[in-house]
Every structure is written in C-alpha cells, then in structure tokens.
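Down below is the structure, laid out as structure tokens.
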Amino acid sequence: QKVVEEAPSPFLDAATRKAMGEQAVALAQAVDYASAGTVEFIVDGNRNFYFLEMNTRL
C-alpha cells in the first residue's frame, strides 16, 4: 500500500522522465489504445525503469 505518492518524482532526472513518457506512449500505440489511462513503472537505484501495469482509467 502506498503511504505517500509524489509527482513528479524528485528521484528522476528529465531524461529518464522523458524516456518513460515515450515508452508509455509507445505501449498505448502498440495496442491501439486511444483513451484516458495511466501507465506505471518501477525504477531501480540506477534509474532503470520497468513496466509495471497499465490502468485503462484515471
């Protein structure tokens, strides 16, 4: 369970944040998704990010 959620994350630099956004858009396009939703990633200590889930709602 999340106790505190902060956005945008102070841990991420602009380049990582941009790459995550580009990957989220690519994912939505790959499945022809064209509506509101969220894409979640998990990030390790080296700022490598991994797809966690896509929620097709807000």
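Computed from backbone phi with θ = phi - 60° and the Karplus coefficients 6.51, -1.76 and 1.60, the 3J(HN,Hα) list for segment 43-50 is 10, 8, x, 9, 6, 7, 10, 9 Hz; x is used for glycine and proline.
How far, in degrees from 0 to 90, does helix 14-30 lean away from the longest principal axis of the Cα atoms of the chain, to the nearest 10? Computed tilt is about 20 degrees. Peptides 19-31, 45-57, 3-15 ordered by packing proxy, namely the average of other Cβ atoms within 10 Å per residue, highest first: 19-31, 45-57, 3-15.
With charges only on Cβ, +1 for K and R and -1 for D and E, what is the dipole size of the chain about its Cα centre, in debye, rounded to 20? Let's see the in-between values first.
On the way: 5 positive and 8 negative charges, 13 e Å.
Using Cβ point charges on Lys, Arg, Asp and Glu, the chain gives about 60 debye.
Projecting the Cα atoms of A14, N48, V31 onto the charge dipole of segment 7-58, computed from C-beta unit charges around the Cα centre, puts A14 farthest toward the positive end. With a cut-off of 11 Å between beta carbons, the residues surrounding G37 carry a summed charge of -1, where Lys and Arg count +1 and Asp and Glu -1.
Can you give the net charge of the other residues whose Cβ lies under 14 Å from the Cβ of T56, counting K and R as +1 and D and E as -1?
Charge balance in the 14 Å sphere: -2.
So, counting K/R as plus one and D/E as minus one, what does the shell of residues with Cβ under 13 Å around A26 add up to? Here the count lands on -1.
Values quoted throughout were computed directly from the atomic coordinates according to the rules given, and no laboratory measurement underlies them. Quick caveat, the model's predicted, so the values are computed rather than measured. Reconstructed Cβ throughout: ideal geometry from the backbone, glycine too, with neighbour counts over all protein chains shown.
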